[in-house]
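The next block holds one structure in the form of structure tokens; read it before the comments.
The values are calculated or read from the model by the stated rules, or taken from the named source; none is laboratory data. What you see is a predicted model; the values in this text were computed from it and never measured. Here Cβ is always computed from backbone atoms with ideal geometry, including for glycine, and neighbour counts include all displayed protein chains.
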Amino acid sequence: MLSGVTKSSNIPICFKISPLLPKLLCGKAYSFFDNQMKTINIIGAGRVGQTLAHLWKDQGFFTIQQILTRSSTSAEKAVAFIGQGLPIDSLDDLQPADLTLISLPDQFIEEISLELVQKGKLKKQSLVFHCSGSLASNVLLSCRKRECSIASVHPVKSFADPQSMVQNFAGTWCGIEGDEQAQETLKGAFEAIGGLLFDLKAETKIHYHTASVMVCNYLVTLMDRGVETYKKAGLPEAVALQLMEPLVRGTMDNVFQLGPVAALTGPITRGDTQVIAKQEEAMEQWDEDMGTLYRTLGRFTLNLAERQGGISKQALSRLQDILT
């Protein structure tokens, strides 16, 4: 028998040996006591809120305390999906928790944080955060009146369906900024469900989110404009999409393997002024907005080609004239 340990001891052996061994031998129990199973309230359980709450519940990282939505029906549906929590549809019924996630559209986040403070719905020295991509944690500054730490965490993921997201969240990059204490807690929470954390700055977060919009949302818009141009050439949409797929997938593979500059191909990189002039004229005659789009994208593409280094100064000058 180990020294100092008796049969009647109710304390786990690993806690008797060394203060270092609980982490090694009793990891789950140690984690439980270390985190003290913090409670969390979710305000606005949309796709993001439901996904995160479900994952934290499954991992036993947080106890989901209450789910507040605009209607009792949506709150009950959210709780049914999450598998834990009390559904409520009134802020008056909210009981303060250790953490509060405001998972609402951007325009409501600051407003609801003020209400939480005014109605005494925040536990003193608790943590309040949101998951907006464009807003920083400073929209939650009113919560400092309750000595709360504040932060924002933005998962770089399209949350189309919570059911599929709980299966595919692991490996999702998550941008985080805010108070040091809040970041420490939330990094642990998101890492526990498979998130990959990177740091953001509050003052430049809008640029980060704009970049995400451009490469995700605007890419879809560009694909749509390509489909319409194929249709102008007489191709059915279904055929256009089939033609586009290998082109788009191949281009994306090159971008991620080589980087944007090296991945660029096409008439601008070859300095083919005749082709570009004919295309610009055709687009302008068809639709002025499409002509403007073509010239705008062309100028940025010309900048890439110049950085690539293969285009002659003469072709560069001529293309600048065409695309201006």
> If we keep just the residues of segment 58-91 that are out of contact with any strand residue (DSSP E or B) (no Cβ under 6 Å at 6 or more places or on another chain) and of a type in the set (Asp, Glu), which is surrounded by the fewest Cβ atoms within 10 Å (Cβ to Cβ)?
Replying inline: ASP58
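For segment 175-294, which fully contained helices (runs of 4 or more DSSP H) count at least 1 residues that are without any contact (Cβ under 8 Å) to a residue 24 or more places away in the chain and over 28 Å from the mean Cα position of the chain (by Cα)?
Details: elements: 180-192, 205-232, 237-258, 260-263, 273-286.
Filter on segment 175-294 gives 205-232, 237-258, 273-286.
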>> Yes or no: segment 137-159 includes at least one residue that is touching a Leu at 6+ places or on another chain (Cβ under 9 Å), among the hydroxyl-bearing types (Ser, Thr, Tyr) and either crowded, with 22+ Cβ neighbours inside 10 Å or assigned to a strand (DSSP E or B) (or both).
In response: yes
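Among the residues of segment 120-127, is any surrounded by 16 or more Cβ atoms within 10 Å (Cβ to Cβ), under 29 Å from LYS201 (Cα atoms) and aliphatic (A, V, I, L, M)?
At the first step, the residues of segment 120-127 found to be surrounded by 16 or more Cβ atoms within 10 Å (Cβ to Cβ) are 121-123, 126-127.
With the extra rule that they be under 29 Å from LYS201 (Cα atoms), the set shrinks to 121-123, 126-127.
Going one step further and asking which of them are aliphatic (A, V, I, L, M), we end up with 122, 127.
Yes, some residue in segment 120-127 is surrounded by 16 or more Cβ atoms within 10 Å (Cβ to Cβ), under 29 Å from LYS201 (Cα atoms) and aliphatic (A, V, I, L, M).
Specify which of the listed residues (GLY171, GLY194) is assigned by the TED database to the domain that holds GLN50, more than 30 Å from GLN285 (Cβ to Cβ) and exposed (fewer than 12 other Cβ atoms within 10 Å of the Cβ). First the steps, then the outcome.
Details: GLY194 fails: exposed (fewer than 12 other Cβ atoms within 10 Å of the Cβ).
When all the criteria are applied, what remains is GLY171.
Can we say ALA80 is among the small types (Gly, Ala, Ser) and assigned to a loop (DSSP other than H, G, I, E, B)?
On the way: among the small types (Gly, Ala, Ser): yes; assigned to a loop (DSSP other than H, G, I, E, B): no.
Considered against the rule, which asks whether it is among the small types (Gly, Ala, Ser) and assigned to a loop (DSSP other than H, G, I, E, B), ALA80 comes out as no.
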> Just checking, which of CYS131, CYS143 is touching a strand residue (DSSP E or B) at 6+ places or on another chain (Cβ under 7 Å) and more than 20 Å from ALA45 (Cα to Cα)?
Replying inline: CYS143
> Is at least one residue of segment 98-119 more than 23 Å from the chain's Cα centre (by Cα), assigned to a strand (DSSP E or B) and at pLDDT 95 or above?
Replying inline: no
> What number of residues within segment 45-57 satisfy the criterion of being buried (at least 22 other Cβ atoms within 10 Å of the Cβ) and of a type outside the set (A, V, I, L, M, F, W, C)?
Replying inline: 4
> If a residue has to be under 26 Å from the mean Cα position of the chain (by Cα) and of a type in the set (Val, Ile, Thr) to count, how many in segment 78-97 make the cut?
Replying inline: 2
